[in-house]
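Below is one structure, written out as structure tokens; comments come after it.
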Amino acid sequence: MFLAVVLTGIMSGLGGMMLACLLHDVQHMAYGYGQAGGPHDFLHGVMAAPPWRRVAALFTCGLVAGFGWWRLQRTGIRLVSVNAAVGRGDAPGRVMPAGATFTHVMLQIVTVGLGSPLGREVAPRELGAMLATRGARLLGLAAGDARIIVACGAGAGLAAVYNVPLGGALFILEVLLKAFSPRAALAALAASGIAAQVPWWALGNVQQYDIGPMTLTPALMAWAMCAGPLIGAGAHVIRTLGTAVQNRAASGAARIWWCIPVFTGLGVLACMFPQLPGNGRGPMQLAVAGSVGVALAAELLGLKILVIMGALRSGAAGGLLTPSLTMGALLSTVLAAGWNAVLFPIHADAAALVGGVAFLGTFMSMPVTALALGIEFTRVGHDMWFPMCLAMTLAVATGRTCARLTRLPAALTQPNAPGSVSARS
């Protein structure tokens with residue numbers, strides 16, 4: 001088991017580093033930046049690219065996404081999700097097919113590099129879980145230990161690509177295993193810690209977002225208390241919409257005819273809003289730096305929701321971690337502007353961070369992991385943890401209440417449902 005944990009951390013770290021380097025190479029090639037004296041981050045690279053290049057990059061993204069996933073589906077090999085690979089209880093999880101999973105991973109990274117609005121974090125999780133599955137089989141681990149190792153592979157992949165060892169460990173326990181035990185906790189911490197450090201020699205010990213000094217004030221605590229329920233309700237609405245869209249996602253040859261116009265349309269929008277392409281890291285950086293106005297934040301929020309739903313409807317694959325964090329930060333920027341118009345002022349950058357983390361925790365049903373990710377993404381000071389925890393508590397509670405209320409009418413209309421009149425009779 002000790003050997004499995006160490007090898008899983010190393011393999012997931014190398015896999016995450018490889019995918020991160022590939023992502024950067026695709027971005028530089030597609031938008032023509034990264035040369036000496038030019039921009040080196042994706043947002044400024046897109047802004048420096050001429051309009052024709054933005055459209056061409058997103059048109060290419062549509063071609064790759066449409067034909068790539070159509071061809072993968074044509075092979076007849078069914079993909080196995082990370083949750084299915086982890087399994088439940090002491091039952092062994094399903095084996096992830098190596099070739100199909102690797103192709104699926106590469107398609108995600110290439111399309112995100114070309115400008116897909118979905119996130120990149122699912123790819124390293126799938127690659128890490130696939131490698132861990134085979135490692136556990138080779139080492140002959142018992143079913144319970146194999147389940148822990150596969151979850152560690154996925155969480156360590158997340159830790160490697162974002163340099164978030166604690167967030168990766170908590171993701172393993174809170175989201176994948178959905179349980180805590182000393183054995184699982186030690187394995188998760190060790191694998192995530194190793195995986196996060198492996199890419200340092202190529203990518204450096206960097207944080208995802210640069211923020212300025214943030215001060216805790218009574219006004220910010222009051223805003224967190226008032227905005228938390230609104231953020232939770234918003235996260236529930238957008239999550240419900242995303243689920244409905246994913247349930248109707250295109251498949252087969254229809255993927256091609258959906259992906260090409262959807263991503264080309266995103267390219268046209270990028271001529272006016274260069275913040276739209278990519279997983280949302282650029283707009284999030286602007287929000288936590290206090291560099292986005294309320295009008296632009298409102299426009300980007302609406303357009304971000306539109307293009308994310310379009311990508312999901314077209315059948316493209318990718319994560320929603322960074323996109324949901326960005327949507328929460330933009331929503332919080334708008335809410336902070338309304339607050340500042342009538343009440344004691346707060347800083348928009350602090351509100352964006354607090355609200356973005358609360359939105360992420362509610363949207364993805366992982367409040368503890370989201371708090372750790374927010375702290376590690378920005379390395380924010382200890383004082384800001386208080387409004388983050390307060391907003392998270394209220395947002396998650398509101399989101400769960402909304403979920404129960406929306407399920408209740410459907411249950412009451414079913415004749416044999418537990419809460420229906422006929423069932424009670």
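Each reported figure results from applying straightforward, stated rules to the coordinates on display, with no laboratory input. Just so we're clear, the structure is a prediction, and the values are computed from it rather than from any experiment. With ideal geometry, Cβ positions are generated from the backbone for all residues, glycine too; neighbour counts draw on all protein chains shown.
The figures follow:
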{"quantity": "Packing-based ranking, highest mean first, of 293-300, 308-315, 235-242 given that Cβ atoms within 10 Å are counted", "calculated": "308-315, 235-242, 293-300"}
{"quantity": "Amide H contacts of LEU320 (H built 1.01 Å from N, under 5 Å, at least 5 apart or other chain)", "calculated": "GLY119"}
{"quantity": "Nonlocal amide H pairs with ALA250, under 5 Å, H built at 1.01 Å", "calculated": "SER314, GLY315"}
{"quantity": "By average C-beta atoms within 10 angstrom, highest first, the peptides 262-270, 40-48", "calculated": "262-270, 40-48"}
{"quantity": "Label selected from [x] 59, 53, 45; [y] 78, 48, 36; [z] 67, 63, 46, the criterion being Cα extents along the principal axes in Å as computed here", "calculated": "[z]"}
{"quantity": "Protection-proxy order for peptides 247-260, 166-179, each taking the mean of Cβ atoms within 10 Å per residue, highest first", "calculated": "166-179, 247-260"}
{"quantity": "Separation of alpha-carbon centers, region 12-86 and region 366-389, rounded to whole Å", "calculated": "28"}
{"quantity": "Relative exposure of MET272, MET106, MET392, MET384, judged by other C-beta atoms within 10 Å (fewest first)", "calculated": "MET272, MET106, MET384, MET392"}
{"quantity": "Of the DSSP H helices in the chain, those whose Cα atoms cover at least 27 Å axially and whose Kyte score averages 0.0 or more", "calculated": "2-31, 51-74, 143-162, 218-247, 254-272, 294-313, 321-342, 385-412"}
{"quantity": "Normalised contact order of the chain, rounded percent, pairs of Cα under 8 Å and 6 or more residues apart", "calculated": "21"}
{"quantity": "Length-normalised contact order of region 218-412 in % [C-alpha pairs under 8 Å, at least 6 apart]", "calculated": "34"}
{"quantity": "Value at 222 nm in deg cm²/dmol, rounded to 500, when DSSP H runs of n ≥ 4 in the chain each add -39,500 (n - 2.57)", "calculated": "-24000 deg cm²/dmol"}
